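First comes the structure, then the notes that go with it.
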Amino acid sequence: MSWLTEFVRPKIQGFLKKEVPDNVWKNCDSCGQMLLIKDLEKNLNICPHCNHHMRASVTQRFDWTFDPNSYTRLDLPKAPVDPLQFKDKKKYADRLKENKTKSQLDESIVVAHGTIEGQKAVVAVMAFEFMAGTMGAAFGEGFIAAARLALAQQTPLIVYTASGGARMQEGMLSLMQMPRTVIAVEMLKEAGIPYIVVFTDPTTGGVTASFAMLGDIHIAEPNALIGFAGPRVIENTVHEKLPEGFQRSEYLLEHGMVDIVASRKELRPTLAKILRLLSNTAQPSEKVA
Amino acid sequence: MRQFLDFEKSVAELETKIFELQHVEQSSDDMNISEELKQLVEKADKQLIALYAKLTPWQKVQVARHAQRPHALDYVNAFIEDFTALAGDRLFGEDHAIIGGIGRFNGQTVVVIGIERGSDLDTRLEHNFGMARPEGYRKAQRLMQLASQFNVPVITLVDTPGAWPGIDAEERGQAEAIAKSIQTCLRTTVPIVTVIIGEGGSGGAIALATADKILMLEHSIYSVISPEACSSILWRDASQAAQAAGALCLTAQDLLKFKLIDQIIEEPMGGAQRDPEAAVASVKKAIQESLDELQAIPAQILQAKRRDKFLAMGRQEVE
């Protein structure tokens, strides 16, 4: 061992010691503050210091949206698995397996139905933790199933988006989910069923450019990245510095692309209010303290 | 001047020889030269046919992007009579990447919408290399609505690397513009025939290709992402584009096999760029055949069939 390694090593060890144990503490993705995971979860994954909305799991979304113990998950239809037999550095089939194990989910969409402040609704959540929430054939089938359930129950459909866009490993079959999901949205519109999109971080590519931008009402969580092209692609194309806050929820609000930017804590009451207003059921005008 | 692609090198060498010999032949009446010339031409044709019979996906990508291939405006100028270009989305501006208007196709009034990428530096810049902005897609929506209103069919000609990924495009809602275009295609009450004439680049293409009939030229491509971008994302190395092109199944032949398109239009020997007139004629014939079939279907059934067609995509394998 040379004097150099001897000399450098203690420093590295000192650095390592500062690392946060995996399951008790977490650093805020935005301000870096150490947060107790238990507290963070109680606060809906919002950093108490900087109000940054961290990503949420599918189960958390359902828990935060539906009334307690009110929801049932839907079994989603089967779709072609790996139709292209796609392989890059890794086989797509293996990637799918890994993602299933890691996320404990079958695909990038999970659908449930239940009540929100007593109002019935179907809720579809895109799972960013499953292959970056990308849209392939199975996603398309799941989305169409969600719309069909909303149609059958005559209840509104709420979709939480979070996606890197189309799933390249399914090639053109993935691109075709754009018209397919739009058809599902059209079925709802024709039946007069409310369709509400909640944009969460990040929502990009073919997802934004299909069903996501066709909601009757668009709600976005604060500071979520929402766009067609990713910021790096744009930067590499135009060789310009991107403006401050570019493609963030507040920017989209200013540019007329979303109706409401709502903090996660306001989300449930906001959704419930909209559902009541659109279902046109009279509500006793009681004041809530 | 004919532009050759890298893989056409052997043909290029032969054709250079042929060109030289033709000069010599003009100034002499040596029978041997004529005979040699004839043999060379035959050899070049044979090589070309052999090459184009088994193009790799990556070679197809290059052919699809060939500068001398007929582009949208070439088709419009060749087979749309009285073409009257219509401009603007009535909201923000005019996008030169998408050309559109009304005209007569085989005597019948149609709405035609095409993505034009340009053929030389000036026209490429003018048309932004075929990368449309939101106002282009919104103009297309306006024209499709016009077609429904006046009960005339829609022809779309797709040739784009993709929608423009710029700050301005995002600012004005590129995603919304594409989503609405798909929706407008689905709501159109008249037949829509799409021809992928070169490159069908992802969302920027499907915005104009949610059609009753999707035709592809033999050596055109249609992909969810460019092979270059796919390579840099999945292989973390931009040089694997050829491999990515194969993995993506982006050729007309692959897509017909997956039943994602309806028909392949054969190209002249050595690709559309060698004989644009013949390519244009084949496309014209194929569009007319599709229109004949679609115009026999009542509007409501047509719309329902269009939906069913897309809903069925990918399903046959699981059922």
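Being over 19 Å from B:LYS309 (Cβ atoms) and more than 8 Å from chain A (Cβ to nearest Cβ) is a property that B:ILE197 has. Each residue in the stretch A:206-223 was checked for being in a helix (DSSP H, G or I) and either among the acidic types (Asp, Glu) or in contact (Cβ under 8 Å) with a residue 60 or more places away in the chain (or both), and 3 of them qualify. Among the residues making up the stretch A:224-256, those that are assigned to a helix (DSSP H, G or I), farther than 13 Å from B:ALA169 by Cβ and either among the hydrophobic types (A, V, I, L, M, F, W, C) or outside the structural domain of A:THR204 (by TED's automatic domain parsing) (or both) are A:LEU252, A:LEU253. The residues on offer are B:LEU157, B:LEU125, and the sole one that is out of contact with any Cys (no Cβ under 9 Å at 6 or more places or on another chain), surrounded by fewer than 24 Cβ atoms within 10 Å (Cβ to Cβ) and at pLDDT 95 or above is B:LEU125. Residues of the stretch B:188-203 that are out of contact with any Pro (no Cβ under 8 Å at 6 or more places or on another chain) and in a strand (DSSP E or B): B:THR194, B:VAL195, B:ILE196, B:GLY198, B:GLY200.
Conditions (1) surrounded by 24 or more Cβ atoms within 10 Å (Cβ to Cβ); (2) more than 8 Å from every other protein chain (Cβ to nearest Cβ); (3) touching a His at 6+ places or on another chain (Cβ under 8 Å), marked per residue:
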residue	(1), (2), (3)
B:LYS180	no, no, no
B:LEU186	no, no, no
B:THR189	no, yes, no
B:VAL193	yes, yes, no
B:THR210	yes, no, no
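Inspect all residues belonging to the stretch B:104-120 and state whether any of them is away from every other protein chain (no Cβ under 14 Å) and modelled with pLDDT under 95. Yes, because at least one residue in the stretch B:104-120 is away from every other protein chain (no Cβ under 14 Å) and modelled with pLDDT under 95. Screening B:PRO165 with (1) surrounded by fewer than 24 Cβ atoms within 10 Å (Cβ to Cβ); (2) part of a strand (DSSP E or B) gives one miss only, at (2). Considering A:PRO179, A:PRO194, the condition of being buried (at least 24 other Cβ atoms within 10 Å of the Cβ) and at pLDDT 95 or above is satisfied by A:PRO179 alone.
Against the list (1) out of contact with any Asp or Glu (no Cβ under 7 Å at 6 or more places or on another chain); (2) in contact (Cβ under 8 Å) with a residue 60 or more places away in the chain, the condition B:ARG65 fails is (1). The criterion of at least 3 residues that are touching a helix residue (DSSP H, G or I) at 6+ places or on another chain (Cβ under 7 Å) and more than 14 Å from chain A (Cβ to nearest Cβ) is met, among helices (runs of 4 or more DSSP H) falling completely within the stretch B:226-319, by B:276-295. When the stretch A:228-269 is filtered for residues that are under 24 Å from B:GLY162 (Cα atoms), hydrophobic (A, V, I, L, M, F, W, C) and more than 8 Å from chain B (Cβ to nearest Cβ), only A:LEU252 remains. In the stretch B:191-210, the residue that is farthest from the chain's Cα centre (by Cα) out of those that are of a type in the set (Gly, Ala, Ser) and closer than 20 Å to B:PRO70 by Cβ is B:GLY204. So which residues in the stretch A:177-227 are out of contact with any Phe, Trp or Tyr (no Cβ under 8 Å at 6 or more places or on another chain), among the charged types (D, E, K, R), more than 8 Å from chain B (Cβ to nearest Cβ) and farther than 25 Å from A:MET131 by Cβ? Once the filter is applied, which keeps residues that are out of contact with any Phe, Trp or Tyr (no Cβ under 8 Å at 6 or more places or on another chain), among the charged types (D, E, K, R), more than 8 Å from chain B (Cβ to nearest Cβ) and farther than 25 Å from A:MET131 by Cβ, the stretch A:177-227 yields only A:GLU190.
The values are calculated or read from the model by the stated rules, or taken from the named source; none is laboratory data. On a predicted model such as this, the values are computed, not experimentally measured, just so you know. Backbone-built Cβ (ideal geometry, glycine too); neighbour counts: all protein chains shown.
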